[in-house]
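Asker: Can you keep this structure in mind? I'll have questions shortly.
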Amino acid sequence: MLPEYNFKTVFPTVQPHTSYLLISQDALLNNLRTLRRRISAPIMAVIKNNGYGLGLSAYTALLYDQGIRDFGLIDCQEALALSARYPKATFYLLAPISNPDSLCAAIRCGNIVLHIGSEQEIQQLRIAQRHTGKKARVQLKLDTGFGRYGFLPNQLQSVLQAAQLFILDGIYTHFSEPYADASFTKKQFSLFMQLLSRLQSHGIHPRLRHCCASGAALKYPQMHLDMVRLGAAIPGMVPDASSYELQPCCRYCAKLISRKRLPEGWHVGYGRHTVLHHATQVGILQAGAMAGCFIHRQESKLNPLRYFYRGACSVFHSKKLLVEIAGRQVPILGAIGMNHLAIDLDHCSANIGDFALFAVNPAFCPPSLPRLFCSKLPQEDLSCNY
């Protein structure tokens, strides 16, 4: 067990850095326990995009130690590296691989399951099979309305061909709007089940059928089938996470690198949107949009009412973005820059070199940002900053 989170014992180990990502192991383990309690189907942990920003190597090790043996990725080189480290795990690629050498290497591994969703991919994989002299393990993707990867409903003949040419591990699909559009999600699920039934009538019985990523896994237990793909849910990065008893697992930590007093009437930040109404102590943190700070989920065009509602709320009941520093919550001033942001230190005794903390979506944090695992996070309510 990692030691209790403590500024004085943790921060000296990362002093050379002006910012880093603090990750709570306790929160991750709590979320995994909660999800296992809610979901009866086996879990595929999706670890794409640097393990959802938590650091691919450390995050995979933590999940493996907790008994996870099925992992989803989109990068073949990452799958190859992890498959050698964890030979008893299975790594499912969730996107096409076009590089012939990578295809051959994945086939030779034996514990990598390749994605097939088009006739072109079938032909590429047939060539790779001939080069290796070994049959490829595959899962077939059906496009039920997402419009990205996968065979269309009128291409079942190609699906039948692929099922005979390769070792068929599974068949899956992907929902486009599970959080907001129940009707279309159910329509996609119904189509998926119809297509599976037609394939079964031709003698195709995949070991795994799966369609639920995090959102659908939480909202539609009747759709769990043989496996669910959990990516954002394990770090607690889904909408209304607290209603599912999921905890945020990260805090961004940025060092205070400047502090000065600005006069009344002075502007702060790009665009001159913020004007100081009185002389103010202003601090600068070396953290900004390039590091994933305060990047919000893109509004869905399918939900214009929600978009306008939030816009109205922002006008009549503006909620300030806050950071925690020196034991106090202080507001951000002005627009967030690429690499810097300003904070109001008028009633805060923070000194240059102190660290500020705020909530962040780790998936937007660059791989170069140092990751530090600890036991617990500070308890301040900074959830509004997501």
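Asker: Need pairs with beta-carbon distance below 7 Å; first residue over 21 Å from L208 (Cβ atoms) and assigned by TED's automatic domain parsing to the domain that holds D143 and within segment 174-197, second surrounded by fewer than 15 Cβ atoms within 10 Å (Cβ to Cβ) and aliphatic (A, V, I, L, M); sequence gap 6+ or separate chains.
Answerer: Note: pairs meeting the criteria are E177/L302; A180/L302; D181/L302.
Asker: Sort out for me the strands (runs of 3 or more DSSP E) sitting completely within segment 37-94 that have 1 or more residues that are within 22 Å of E245 (Cβ to Cβ) and touching a helix residue (DSSP H, G or I) at 6+ places or on another chain (Cβ under 6 Å).
Answerer: Working: elements: 43-46, 70-73, 90-93.
Fully inside segment 37-94 and qualifying: 43-46.
Asker: Take V228 and decide whether it is outside the structural domain of A180 (by TED's automatic domain parsing), modelled with pLDDT of 95 or more and surrounded by 14 or more Cβ atoms within 10 Å (Cβ to Cβ). Break it down into steps so the answer makes sense when it comes.
Answerer: Working: outside the structural domain of A180 (by TED's automatic domain parsing): no; modelled with pLDDT of 95 or more: yes; surrounded by 14 or more Cβ atoms within 10 Å (Cβ to Cβ): yes.
It is false that V228 is outside the structural domain of A180 (by TED's automatic domain parsing), modelled with pLDDT of 95 or more and surrounded by 14 or more Cβ atoms within 10 Å (Cβ to Cβ).
Asker: Could you tell me whether Y220 is within 18 Å of the chain's Cα centre (by Cα), surrounded by fewer than 23 Cβ atoms within 10 Å (Cβ to Cβ) and either touching a residue at least 40 places away in the same chain (Cβ under 8 Å) or not assigned by TED's automatic domain parsing to the domain that holds T280 (or both)? I'd like the intermediate steps shown before the answer.
Answerer: Values: within 18 Å of the chain's Cα centre (by Cα): no; surrounded by fewer than 23 Cβ atoms within 10 Å (Cβ to Cβ): yes; either touching a residue at least 40 places away in the same chain (Cβ under 8 Å) or not assigned by TED's automatic domain parsing to the domain that holds T280 (or both): yes.
Judged against the criteria, Y220 is not a match.
Asker: In addition: Would you pick out the residues in segment 123-152 that are closer than 19 Å to H205 by Cβ and either out of contact with any Asp or Glu (no Cβ under 7 Å at 6 or more places or on another chain) or not assigned by TED's automatic domain parsing to the domain that holds P96 (or both)?
Answerer: From segment 123-152, those closer than 19 Å to H205 by Cβ are 135-142, 151; that's our starting set.
Once the filter is applied, which keeps residues that are closer than 19 Å to H205 by Cβ and either out of contact with any Asp or Glu (no Cβ under 7 Å at 6 or more places or on another chain) or not assigned by TED's automatic domain parsing to the domain that holds P96 (or both), segment 123-152 yields K135, A136, L140, K141, L142.
Asker: Looking at segment 249-260, is at least one residue of a type outside the set (F, W, Y), surrounded by fewer than 19 Cβ atoms within 10 Å (Cβ to Cβ) and outside any strand (DSSP E or B)?
Answerer: no
Asker: Hey, could you check segment 143-154 for residues that are farther than 20 Å from L73 by Cβ and touching a residue at least 40 places away in the same chain (Cβ under 8 Å) and say which is surrounded by the most Cβ atoms within 10 Å (Cβ to Cβ)?
Answerer: Looking at the filtered set, the residue picked out is T144.
Asker: When you check S98 against the structure, is it within 25 Å of G231 (Cα to Cα) and in a loop (DSSP other than H, G, I, E, B), yes or no? Steps first, please.
Answerer: Working: within 25 Å of G231 (Cα to Cα): yes; in a loop (DSSP other than H, G, I, E, B): yes.
In short, yes.
Asker: Which residues, taken from segment 166-223, are charged (D, E, K, R) and in a helix (DSSP H, G or I)?
Answerer: Of segment 166-223, the ones charged (D, E, K, R) are 169, 177, 181, 186-187, 198, 207, 209, 219.
Passing the criteria: K186, K187, R198, K219.
The values are calculated or read from the model by the stated rules, or taken from the named source; none is laboratory data. Computed from a predicted structure; not experimentally measured. We place every Cβ from the backbone using ideal geometry, glycine too, and count neighbours over all the protein chains shown.
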